1. Of the residues GLY253, GLY285, GLY292, only one is of a type in the set (Gly, Ala, Ser), touching a residue at least 40 places away in the same chain (Cβ under 8 Å), crowded, with 16+ Cβ neighbours inside 10 Å and part of a loop (DSSP other than H, G, I, E, B); which?
2. Is one or more of the residues making up the range 85-103 within 30 Å of TRP354 (Cα to Cα), of a type in the set (A, V, I, L, M), touching a helix residue (DSSP H, G or I) at 6+ places or on another chain (Cβ under 9 Å) and not assigned by TED's automatic domain parsing to the domain that holds ASN448?
3. Take ASP390 and tell me if it is modelled with pLDDT under 95 and assigned by TED's automatic domain parsing to the domain that holds GLN463.
4. Go over the candidates LEU140, LEU123 one by one and state the one that is closer than 30 Å to LEU316 by Cα and either surrounded by fewer than 22 Cβ atoms within 10 Å (Cβ to Cβ) or of a type in the set (Lys, Arg) (or both).
5. Would you point out which residue out of ALA427, ALA414 is modelled with pLDDT under 90 and more than 30 Å from the chain's Cα centre (by Cα)?
6. Being assigned by TED's automatic domain parsing to the domain that holds GLY97, of a type outside the set (D, E, K, R) and within 18 Å of ALA88 (Cβ to Cβ) narrows it down to one of PRO309, PRO274, PRO239, so name that one.
7. So, of the residues in the range 437-476 that are of a type outside the set (S, T, N, Q) and part of a helix (DSSP H, G or I), which turns out to be nearest to GLU346 (Cα to Cα)?
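The values are calculated or read from the model by the stated rules, or taken from the named source; none is laboratory data. What you see is a predicted model, and the numbers here were worked out from it, not measured in a lab. Positions of Cβ are generated from backbone atoms using ideal geometry, with glycine treated the same way; all protein chains shown enter the neighbour counts.
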Amino acid sequence: MKLPFAWRSVTLIAVLLLAVLLVLSAGYGYHRDELYFRVLADHPAWGYVDQPPFTPMVAKLSLALFGDTVTALRIFPALASAVLVVLAALITRELGGTGAAQILSALGTAMAAYPLVAGHILLTLSFDMPLWAAAILFMLRALLRDQPRWWLAAGLAVGVATYNKQLIVMLLIGLLGGLLIAGPRRVLASPWLWAGAAIAAVLTVPNVLYQVTHDWPQLKMAAALSEDKGADFRTFFVPFQFILFGVVAAIIGIFGWLRLWRDRRVRALAVAYPVTAVVTVASGGRYDYTAGLILLLFAAGCVGAAARPRLASVALVVNGLGNAVVALPLIPVAQLAATPVPAINETAREQVGWPSFAATVAGVLHALPPADQAKAAILVGNYGEYGMLDKAGLPRVYSGHNQLYEYGPPPETADVAVVMNVDRGAALAQFDTCELKARVDNGVDVDNEEQGLEVYLCRGHKQPWATAWPRWQHFS
């Protein structure tokens, strides 16, 4: 028998979360990824070297509808997190959760660290989480209700998700591994399952064509990320499984895993988590690649936690308040450096200091004689720097980072350049002289990528930009 849905309470929690996220949206300032999406929004395409088109096009829609502000970019992520709350409660109901269990699931999801970050900032994960949750909900309905047509809906959700991130493939690997290891293997013979897979495959065709015609750039990106930070990701994988949603939610998730394991109909989804975890660690992937399945485990655990609703509610609220301090801009920016938040949450530290960075670069550029200013290029090392200078209206900004490489090289007349955060070998090979002109100070001592960054003025290029530009390309 289908349980009633606690729609009033769940909707209230989702609306309150949306309100909090919108009130705090201006927060510290832009995150570097938002500055990048703002640039990509001006270059609509079926794909980019580091991601599919969904999130950049959401940025384009946000800017068109709401204006060119940080709050405008954060409206859709806040809405996506509110939707995630509802989906989490629906997953709990699907697993036999009463109204109390559904409310616990909604409350815990709304106050979990990872969804709070995803709802506060425009990131690819902002939409990845609800798309994973939708796919998992439809998979559960196919497995638990003996209504295999739900595989069609799951395939649709997976296909749409590929336009945001290819990471949804990890869910499919986990499900396939779970079905092979724990069953029920008869599901693999279902024509509905393969029809759903066909829907996902057809929807993915434009993404695949982009990858094929551009020499598989996202595979290169994945390899670069693994080489650059794979060891760190492996080191922090286990602790971050507890941090992503908070320790209380993680403990509830452990019981949720046991609940899934005991039900032969959905045991495959219990096995999907360790399968995905092993693949992530082996490939040097980010520790948050399992987040969608952690949400499932937590939602499942709330079914049992509802037996003691008062204790579970208090624990989740305490857990959530700690998460909110880490994930949201609650600490005044002047005091942020004195707390552990920047070390725990990189998105917090990367929202600080962008106006100071832009002012420093502008100061070096505007100190040049008018003739030099008219031809000078600005060369930066990452897409956040590029995006901030573009937002500030500075001319002729270039970078070899990820997709931005495609928007270069500088014009051949650019024999004067303001240069920062680039490969020293590439700079020395290109310019006759480089003189240190300034250092970036964000004014609040938050240790991020831009703090203390040296800004150079370089003159005289040794070879044409068309020849030199490939040396400036890098993925990270």
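1. Going through GLY253, GLY285, GLY292 in turn, just one is of a type in the set (Gly, Ala, Ser), touching a residue at least 40 places away in the same chain (Cβ under 8 Å), crowded, with 16+ Cβ neighbours inside 10 Å and part of a loop (DSSP other than H, G, I, E, B): GLY285.
2. Taking every residue of the range 85-103 in turn, none turns out to be within 30 Å of TRP354 (Cα to Cα), of a type in the set (A, V, I, L, M), touching a helix residue (DSSP H, G or I) at 6+ places or on another chain (Cβ under 9 Å) and not assigned by TED's automatic domain parsing to the domain that holds ASN448.
3. no
4. On inspection, the qualifying residue turns out to be LEU123.
5. Checking each option against the conditions leaves just ALA427.
6. PRO309
7. Looking at residues that are of a type outside the set (S, T, N, Q) and part of a helix (DSSP H, G or I), I get TRP472.
Yes/no matrix, rows are residues, columns are (1) within 21 Å of the chain's Cα centre (by Cα); (2) touching a residue at least 40 places away in the same chain (Cβ under 8 Å):
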| site | (1), (2) |
| --- | --- |
| ALA300 | no, yes |
| VAL318 | no, yes |
| PRO342 | yes, yes |
| TRP354 | yes, yes |
| ALA358 | no, no |
| ASP372 | no, yes |
